[in-house]
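Peer 1: First the structure, which I've put down as structure tokens, then a few questions once you've had a look.
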Amino acid sequence: MNETVNKKPSWWSGNWKWFVPVMALAAAIIAGLAIFGFVYSIFAVMKSSDAYKMSLSYARENEAAVKLFGGKIEPGWYLSGNIHVSGSSGNAELAIPVQCGAKSGWLYVEAVKSAGQWTILKLALEESGAGQRLVLIDRKK
């Protein structure tokens, strides 16, 4: 008695051609979202710092800065620099992109934290393409 057994092909052999690219795409999307979340959280922490808030507030209230940009100065999304805090002391060096209407530029900040209080040592506003810097604060260390 010779019976032929018809073997049904496995799920993998029939579906691997679409399954592998879908899993690779899903892994790429998950990795991209993780990287975006990491970068976003770093920017959120930097933007929530007192040094950032004080600097932006001072620039918005400074008459010369408002005159240079022609209105209310708004921060951009991207931010560069660093903030180091250890207990009641720390320091910050930031470059904050700013804009007002068609004008854009950078707000440069150097600040220190001592006894729990932030002090802005240097604050300068530079309009992109103009090549000049408006120094708002310049205190010696």
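The values are calculated or read from the model by the stated rules, or taken from the named source; none is laboratory data. Worth saying up front: this structure is predicted, and the values here are computed from it rather than measured. No Cβ is skipped: glycine too gets one built from the backbone with ideal geometry, and neighbour counts run over all protein chains shown. Please note that ligands, DNA and RNA were not included when accessible areas were found on the heavy atoms of the full protein model with its side chains. Shrake-Rupley method; radii C 1.70, N 1.55, O 1.52, S 1.80 Å.
Peer 1: Could you tell me the accessible area of S48 in Å² (1.4 Å probe, neighbours in place), rounded to the nearest ten?
Peer 2: About 70 Å², rounded to the nearest 10.
Peer 1: By accessible area of protein heavy atoms, probe 1.4 Å, what ranking do I42, I120, I83 get, highest first?
Peer 2: Largest accessible area first, the list is I42, I83, I120.
Peer 1: Setting aside same-chain residues fewer than 8 positions from K47, which aspartates and glutamates have a Cα under 17 Å from its Cα?
Peer 2: Within reach: E74, E93, E110.
Peer 1: Hey, if we sort M23, M46 by accessible area with the 1.4 Å probe, largest down, what's the order?
Peer 2: M23, M46
Peer 1: Quickly estimate the mean residue ellipticity at 222 nm for the chain, helices only: each DSSP H run with n ≥ 4 gives -39500 (n - 2.57), and the total goes over all residues, rounded to 500.
Peer 2: Counting only the DSSP helices, I get -13500 deg cm²/dmol.
Peer 1: Using the heavy atoms of the protein chains alone and a 1.4 angstrom probe, what is the accessible area of region 88-141 per residue in square angstrom?
Peer 2: 55 Å²
Peer 1: Identify, among G105, L94, A130, the residue whose Cα sits farthest towards the positive end of the charge dipole of region 86-141, taking +1 on the Cβ of Lys and Arg and -1 on the Cβ of Asp and Glu, with the dipole about the Cα centre.
Peer 2: L94
Peer 1: In whole percent, how big is the carbon plus sulfur part of the accessible area of region 72-141, probe 1.4 Å, protein atoms only?
Peer 2: 47 percent
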